[in-house]
1. Using only Cα atoms, locate the centre of region 268-304 and the centre of region 352-422, then give the distance between them in Å, rounded to an integer.
2. Quick one: angle between helix 15-41 and the longest Cα principal axis of the chain, in degrees between 0 and 90, rounded to 10, please.
3. Using only helices, what value at 222 nm comes out for the chain when you add -39,500 (n - 2.57) per DSSP H run of length 4 or more and divide by the total residues, to the nearest 500 deg cm²/dmol?
4. Name the residue farthest towards the positive end of the dipole of the chain from the options A360, P244, T45, assuming +1 on Cβ of Lys and Arg, -1 on Cβ of Asp and Glu, about the Cα centre.
5. What shape does region 487-533 have by the C-alpha gyration tensor, where a ≥ b ≥ c are the square roots of the eigenvalues, rounded means a/c under 1.5, and otherwise prolate means a/b greater than b/c and oblate the rest?
6. Compute the separation of the alpha-carbon centres of region 37-109 and region 434-482 and state it in Å as a whole number.
7. Highest mean first, how do 47-60, 506-519 rank when packing is the count of other Cβ atoms within 10 Å averaged over residues?
8. How would the chain be classified by its alpha-carbon gyration tensor: rounded, prolate or oblate, with rounded meaning a/c under 1.5 and the a/b versus b/c comparison settling the rest?
Amino acid sequence: MGQHQQRRFTVGFGPRTRGVLLGMAAVLLLFGAADALTRVLGGTTSPLTAVGLLLIRLLPSDLVKLAIDLFGEADKIVLILSVGAGGLVLGGVLGGLLHRRRRTAVTVFALIGAGLVALVALRPESGPRDLIAAVLGVFLGAAVLALGIPRKPRKSRDAGLEPAEPAPADPTEPPEPGLRRRTVLILAGASALIGTAGLAVGQTVATVGRGAVDAARRFVLPTPVVTAAAVPAAAEVGVDGVAPFTTAQADLYRIDTALVPPAVDSETWELRVDGLVEEPFTLSFAELLEEPLEEHRITLTCVSNPVGGDLLGTGVWTGLPVRTLLARARPHPEADMVLSHSVDGFTASTPLEAMTDDRASLVAIGMNGEPLTAEHGYPVRLIVPGLYGFVSATKWVTRIEVTRFDRAEAYWTRRGWDARAPILVSSRIDVPGGLDVVDAGDIIVAGSAWSQGVGIASVQVRLDDGDWTDAELGAEVNVDTWRQWRLAVPVEAGRHALTVRAIGRDGTVQTAERRDPIPNSATGHHRVEFRAE
Ligand SMILES: Nc1nc2c(c(=O)[nH]1)N[C@H]1C(S)=C(S)[C@@H](COP(=O)(O)O)O[C@H]1N2
Ligand SMILES: [Mo]
């Protein structure tokens, strides 16, 4: 068997290709094993998650918002896949370097491994379990990469004792790897498989498995001292296709900068109330449950909601008025802001007034009679009527810091968004849907309108360039919730457009001017085009 034959057999599978495959397999195994181990050990943040979170932090906020707009709830999957693809490319490059620039490849891999462990360590929500998983993943990845390190031909020490190895036929040919190429390929394949399976398991448990974790944590909400009245039937206008007045927690939009909802343990959770106050204090979850809790119906809204979008929802929230806690802490007279902090590093700046006046700002533990789910802030979040979520609705809240707007800045404010962002009067057409085909004649148009804290005075609809006509309103539940509306509109066959605008109880007419969400929400009238035949 000559060198000749072997060469022919390995066409396309030279040491470099093997290195590339091993490098990619090493990265897959690193991320996959660490991800699965993180779940098995009960941690929250795997190296993959930590890199994703770092990217969210580093990427321009416009791009992050764009991704949220483009991919909606799938934005996290897209991010994870991109991180994975980037890792594979990097692993391939390092593996390819193994046989000529071994030291560089090994050093860079070691640095990346150390960097990943450091990233996990730096996450506020991660603990020893996350670290152990990350370190093990890095070691496994390193072991696979090491398989590609070429073995130097034996020399000096045993030179005199054993017959020298035959010199390679071609002196420019690099030394062969320490293991036979078949073995190497099998090991690479197996590592890649294990890594992929690990990722699949890890990521699935991290997202889908949440439901089970939530269920395990379920506790019965204490009976509130103030209960919200039932939603009167007249609040719903009875048109199919209109978003239900009450949004199920599972259907509520989710917007946050956490890839995996942090797993916060209610046993160890604490809320610190401090800053510019006379009497800083800390409250445990058990203590919070003992407080006189109240129920309030409130429509939560995201500043990123596009005109006509569905980044809002309504529920009955159970919690303790924030003003009760602030009264206990006694803010200094110069304080004008509450900076609420979360385990995930998110912060929101809320005017102090919005948490001390008589509106229903809550330290909330439940929605629609159930504990919060992990996605929506378990165990405790804030809900403030009249303000967009990014300046008020901190999930997984752990600290209420009383401060001043000229001293502190919140997460999104540092990224170009407003420091204070009251919700603007707005409305949406739910029926007909865009591009629907309807029967000519009287058609029913219906949707929702909101102006939290102020209330909706009227909703007006216009067909094509016609006059604004007042719609019929569903019963008002309170000024902090949205209001349904409907109107019968006579239409002739052909293409048409419907436009809606809302008017607040303070006389503010929803502006027609189109504007991007940044810095304090999109504006413009929702317009739906359809055809009647
Ligand atoms: N900890 C934390 N809280 C957060 C956010 C976040 O990224 N992290 N996002 C805020 C934003 S922008 C909105 S609109 C609401 C959304 O709450 P939901 O996901 O429960 O609907 O949560 C707010 N609270
Ligand atoms: Mo938001």
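1. 10 Å
2. 50 degrees
3. Details: 12 runs with 174 residues, N = 533.
Computed mean residue ellipticity for the chain: -10500 deg cm²/dmol.
4. Final value for the positive-end residue is T45.
5. Values: a/c = 4.63, a/b = 1.80, b/c = 2.58.
Cα axes put region 487-533 in the oblate bin.
6. Taking the Cα centre of region 434-482 as reference, the centre of region 37-109 is 45 Å away.
7. Top to bottom by mean Cβ count within 10 Å: 47-60, 506-519.
8. Details: a/c = 2.98, a/b = 1.85, b/c = 1.61.
Note, shape of the chain comes out prolate.
The values are calculated or read from the model by the stated rules, or taken from the named source; none is laboratory data. The shown structure was predicted, so the numbers you read here are calculated from the model rather than taken from an experiment. All Cβ positions, glycine included, derive from the backbone under ideal geometry; neighbour counts span all protein chains shown. Areas reflect the complete protein model, heavy atoms only, side chains present, ligands, DNA and RNA absent. Shrake-Rupley method; radii C 1.70, N 1.55, O 1.52, S 1.80 Å.
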